Amino acid sequence: MLNRFKSALLNAVGASELGLQYPNDSDTDTLTDYINSNFITEIENKPYSRPSFLGLTTEETQVSADHRVRPIIVPRDLSRLPWCAGYAECINAGKSTWNEDQASATRGDLKLSDVNITLPYIMFSMFDGHAGYQVALTARLHLHRIILERLMAIPGNMLLNEDEDELIKGRDLVIGAVELAYRQMDQTVEAQAQGGGGGCTAITILFLNGRLYAAGAGDSRAVLVLGESQRALTRDHTPDSESNRVRALGFLRSNELLKGHFTPLEFRKRPLQKELGSTILYREPYMTGWAYKILNHSDLKLPLISGHGKRSRVMGTIGVTRGFGDHGLKAANTGVNIKPFLSSQPEVQSINLNNCNLTERDCIIVATDGLWDVVSDKTAANILRKTLAPDAPSLEYRLTMGAQELVQAARGRLIGRVWVGKSENPEETDEKFLPMASVDDISVLVVPLYPYLCEHKQWMKTTHQERRYSMDSLHISVNNSV
């Protein structure tokens with residue numbers, strides 16, 4: 001049965017595209033064993049490259065990594081992205097040798113053999129690497145394939161089920177498939193990450209069966225722009241935003257995970273040696289209020305979570321709490337493993353696009369924190385609306401222009417040795433008061449929603465016609481046999 005499943009998988013997504021390594025069939029011969037397992041794809045380190053849809057040569061990749069100029073790069077052939085979605089990127093200002101952001105886009109069909117239906121899908125992903133590019137690159141090359149494996153393990157009749165009266169609906173199974181795929185991806189990069197390959201955040205946008213799924217792990221972000229409104233589809237996972245989860249784990253497994261170096265308690269202000277024996281404000285994980293305690297020596301340990309906002313850190317070391325990799329990461333000067341506090345589990349939202357009253361100017365902005373650190377959701381949405389508003393040039397070029405404008409807004413311009421942004425006050429001319437621009441890698445995808453809804457409605461119409469034709473043919477065949 002496993003052989004039949006593998007054959008169906010290869011037919012569904014293209015055998016030449018997969019290239020996956022499976023365990024020896026003698027170890028298992030049932031689909032149940034496959035579903036219950038986390039088969040780890042055998043991978044090897046690949047040489048550095050940019051997203052394939054950019055179509056860059058080796059020489060162009062080198063030019064794109066110029067930290068002084070920071071050129072804004074867009075695809076040479078816009079048709080290489082589904083619906084000519086907009087994409088633009090630029091490298092950091094010297095933080096790392098290469099642009100450690102990565103992105104991918106795939107389109108294909110899931111063949112649901114049990115219901116004899118072929119279901120189209122479109123998937124976009126973005127990854128923000130840190131401490132090296134390898135984990136982000138591996139995720140770019142493999143995550144979409146792992147997600148497809150998980151989707152193929154769902155029975156077709158269940159995947160298509162959207163009956164609101166059912167306890168488990170198709171969208172619940174799709175969300176579960178994405179969650180399991182993220183965990184499997186993290187396990188797949190473990191060897192790389194232990195060898196110093198760093199880690200990465202991850203965002204996946206999946207269009208399937210008329211629904212949009214937005215999955216996020218880390219501080220990259222997807223923002224939905226509908227008409228004059230905008231809202232984040234993913235949540236930034238930082239030590240500050242996930243303080244309760246991280247500190248609760250440290251509180252419950254203090255001896256095992258903190259090794260006597262850190263405290264999971266939160267204090268209103270950092271306690272000092274001279275305050276021993278005095279009364280101090282503190283709180284335990286999941287407390288929303290504050291309490292008093294007598295300060296003792298154990299309270300003087302390093303805080304498990306330090307700082308606030310973008311400056312917050314786990315064990316004073318890392319500023320994101322979800323994503324892939326970082327298996328070998330240790331807290332400075334202590335040797336304590338940080339990975340137990342970092343989760344690969346994404347938070348996933350699902351939206352029925354039939355209920356959104358879409359127009360061709362409605363989009364999702366998917367970007368790494370190189371954009372969001374200096375550009376708010378509202379400002380980004382306004383930049384995109386302004387770019388898409390005219391009727392010319394064609395929408396496919398305006399989508400790319402929108403991505404370019406967003407990267408430009410975050411990158412700013414170089415004045416002397418400093419990258420500065422544009423003042424929100426058009427009368428402000430004093431360069432001393434211009435806002436700081438992003439010096440991080442910046443990657444932006446602008447994905448239109450209306451084309452998918454049109455494709456899905458056409459697929460529904462065609463599928464209904466084919467089913468009716470099949471039923472009519474069966475009826476005629478039965479009558480003739482009689």
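Listing for the model above:
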| quantity | calculated |
| --- | --- |
| Part-to-part distance (alpha-carbon centres) for region 205-241 and region 64-83, which is given in Å | 23 |
| Average Cα contact separation per residue, region 153-245, under 8 Å, 6 or more apart, as relative contact order % | 15 |
| Unit charges at the beta carbon, dipole of the chain: most positive-side option, Pro451, Met123, Ser306 | Ser306 |
| Unit charges on C-beta of K, R, D, E only; dipole of the chain, Debye | 1240 |
| Residues of region 242-319: accessible area per residue with a 1.4 Å probe, Å² | 59 |
| Surrounding net charge for Arg171, when Lys and Arg each add one and Asp and Glu each subtract one, Cβ distance under 9 Å | 0 |
| Nearby lysines by direct alpha-carbon distance to Lys111 (threshold 25 angstrom, same-chain neighbours under 8 apart not counted) | Lys6, Lys169, Lys457, Lys461 |
| Spherically averaged projected area of region 242-319 from its Cα convex hull (nm²) | 5.0 |
| Along each principal axis, Cα extent of region 170-242, largest first, Å | 46, 31, 18 |
| Solvent-free Debye scattering, log10 I(q)/I(0), computed from the Cα coordinates of region 128-275 at q = 0.09, 0.10, 0.12, 0.18 Å⁻¹ | -0.43, -0.53, -0.72, -1.20 |
| Whole-number D in µm² s⁻¹ for region 238-390, Kirkwood Cα-pair radius fed into Stokes-Einstein, 4 °C, 1.567 mPa s | 70 |
| For region 370-411 versus region 140-196, the gap between their alpha-carbon centres in whole angstrom | 31 |
| Built amide H within the under 5 Å cut-off of Ser344, gap 5+ | Gly323 |
| Over 30 Å between alpha carbons, listed pairs Lys95/Lys386; Lys95/Lys330; Lys310/Lys422; Lys95/Lys339; Lys269/Lys330; Lys269/Lys422 | Lys95/Lys386; Lys269/Lys422 |
| Sequence-distant residues sharing a close amide H with Thr263 (under 5 Å, placed H) | Leu302, Leu304 |
| Fraction of accessible area attributable to carbon and sulfur, region 242-319 (%, probe 1.4 Å) | 53 |
| Taking N as its residue count, the alpha carbon Rg of the chain over 2.2 N^0.38 Å | 1.08 |
| Region 242-319: relative contact order in percent, alpha carbon pairs under 8 Å with at least 6 residues between | 28 |
| Hits among lysines - C-alpha to C-alpha of Lys274 under 28 Å, sequence gap 8 or more where chains match | Lys259, Lys293, Lys301 |
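The values are calculated or read from the model by the stated rules, or taken from the named source; none is laboratory data. Since this is a predicted model, take the numbers as computed values, not measurements. In this analysis, Cβ positions are derived from the backbone assuming ideal geometry, glycine residues included, and neighbour counts consider all displayed protein chains. These area figures cover heavy atoms from the full protein model, side chains too; ligands, DNA and RNA do not enter into them. Shrake-Rupley method; radii C 1.70, N 1.55, O 1.52, S 1.80 Å.
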